[in-house]
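Just below is one structure, and these are the notes that go with it.
The values are calculated or read from the model by the stated rules, or taken from the named source; none is laboratory data. Since this is a predicted model, take the numbers as computed values, not measurements. Note: ideal-geometry Cβ built from the backbone for every residue, glycine included; neighbour counts use all protein chains shown.
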């Protein structure tokens, strides 16, 4: 597998970032739903949110780096088997996925930093609060976080469904290309 | 001429509101009133918090203190324990469910003076949609003229409630089932 993307293949770094993001997003969604239902004396009551917050910030950094790398690295051409309507929808789904990713991460950050506290990332470093002290900020940011995350997961499932459609129905290289095959 | 016009009104008001039954509005405007709470954390320490938004009034007659009366309305969502994520949790259905029950309130039903400056205030506390009788141990802090032309009177009252009694579903452990409530208020005479 090559490191950089070319006109007919995705580079190894983009592929790694893509799948890392996929695993993290679904993992964080499940973790978020699970940890908010934990009781006070559960051993994960503190660990769960710490893992959720820390991983979220690392994903934010990875996604920022991924976008920069994508600009620099370029991307392979669309396959000839991709229909014009598929190309348009795919483009908008990809843009919306990126926007939702950032929106989910920013809304999460705004919950944890609503009172001006910094957000600790596994104790390695802390993200300082910026926008804080707005009346009801943690509640509004919390509702948005869940709403946007649900939208992100829904769209990611559509994205995955489309990849499976290309693989099993159209029998083209779309999915295999993202697997580096 | 003005006095002639006002005199009957003053007299009428003196009849309906005898001068001795002083009415006070709780000074939330300038925040000389506090609704604080404290609850044990794991049994190892005290966690303090407060409600930031509330309003109320009281009446107190030094000659007839047993007629004292207090009424306070609290914005449940204004709970503040100095930690945004905890406050968010406290506002959720796990605790106060403020969307469903935005208002908490206290209304006194009777006052039993115990000595000159102390007493026992009976009342109804409504929290999370549940109304229960509570008794506040009250002491008067002081009363008198303020430097700006008004007259003020202040009380300090405390009571202990059990969260489960008010339908709060979350169990924080055996040391944290009860919450101490403090109502520390200053009123400006109307």
Practice task
Kindly establish whether residue B:144 is away from chain A (no Cβ under 14 Å), at positive phi, exposed (fewer than 14 other Cβ atoms within 10 Å of the Cβ) and not in a strand (DSSP E or B).
Solution key: no
Fill in the blank from the handout: In segment B:21-59, residues that are in a strand (DSSP E or B) and at pLDDT 95 or above total 26
Exercise for the section: Inspect segment A:111-134 for any residue being modelled with pLDDT of 95 or more, under 18 Å from residue B:86 (Cβ atoms) and assigned to a helix (DSSP H, G or I) and give the result as yes or no. Expected result: yes
Practice task
Please verify whether segment B:109-118 includes one or more residues that are in contact with a helix residue (DSSP H, G or I) (Cβ under 6 Å, 6 or more places away or on another chain) and in contact (Cβ under 8 Å) with a residue 24 or more places away in the chain.
Solution key: yes
Problem - Of residues in segment B:54-85 being within 10 Å of chain A (Cβ to nearest Cβ) and under 19 Å from residue B:129 (Cβ atoms), the one surrounded by the most Cβ atoms within 10 Å (Cβ to Cβ) - result: B:77
Practice task
Output yes when any residue across segment A:97-106 is more than 28 Å from residue A:47 (Cβ to Cβ) and touching a residue at least 24 places away in the same chain (Cβ under 8 Å), and no when none is.
Solution key: yes
Handout entry: Residue within segment A:82-100 that is surrounded by fewer than 14 Cβ atoms within 10 Å (Cβ to Cβ), under 21 Å from residue A:180 (Cα atoms) and out of contact with any helix residue (DSSP H, G or I) (no Cβ under 9 Å at 6 or more places or on another chain) present
Key = yes
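Limited to segment A:1-19, what total is found for residues that are in a loop (DSSP other than H, G, I, E, B), in contact (Cβ under 8 Å) with a residue 40 or more places away in the chain and more than 17 Å from residue A:71 (Cβ to Cβ)?
2
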Handout entry: Filter result (farther than 19 Å from residue A:132 by Cα and part of a loop (DSSP other than H, G, I, E, B)) within segment B:75-106
Key = B:92, B:93, B:94, B:95, B:96, B:97, B:98, B:99, B:100, B:101, B:102
Problem - Unique match (being on the phi > 0 side of the Ramachandran plot and out of contact with any helix residue (DSSP H, G or I) (no Cβ under 7 Å at 6 or more places or on another chain)) among A:74, A:43, A:37 - result: A:74
Practice task
For residues that are within 14 Å of chain B (Cβ to nearest Cβ) and touching a residue at least 60 places away in the same chain (Cβ under 8 Å), scanning just segment A:33-76, find the one that is nearest to residue B:174 (Cα to Cα).
Solution key: A:50
Exercise for the section: Tell me, please, whether a residue that is touching a helix residue (DSSP H, G or I) at 6+ places or on another chain (Cβ under 7 Å), without any contact (Cβ under 8 Å) to a residue 60 or more places away in the chain and within 14 Å of chain A (Cβ to nearest Cβ) can be found in segment B:163-172. Expected result: no
Practice task
Among the residues of segment B:86-124, write down those that are within 14 Å of chain A (Cβ to nearest Cβ) and crowded, with 17+ Cβ neighbours inside 10 Å.
Solution key: B:86, B:87, B:88, B:89, B:90, B:91, B:95, B:96, B:97, B:98
Exercise for the section: Could you identify the single residue in A:123, A:108, A:133, A:142 that is within 14 Å of chain B (Cβ to nearest Cβ) and at positive phi? Expected result: A:133
Practice task
Count, please, the residues in segment A:159-175 that happen to be part of a helix (DSSP H, G or I) and surrounded by 13 or more Cβ atoms within 10 Å (Cβ to Cβ).
Solution key: 9
Practice task
Keeping to segment B:171-190, report how many residues are under 17 Å from residue B:104 (Cβ atoms) and modelled with pLDDT under 95.
Solution key: 0
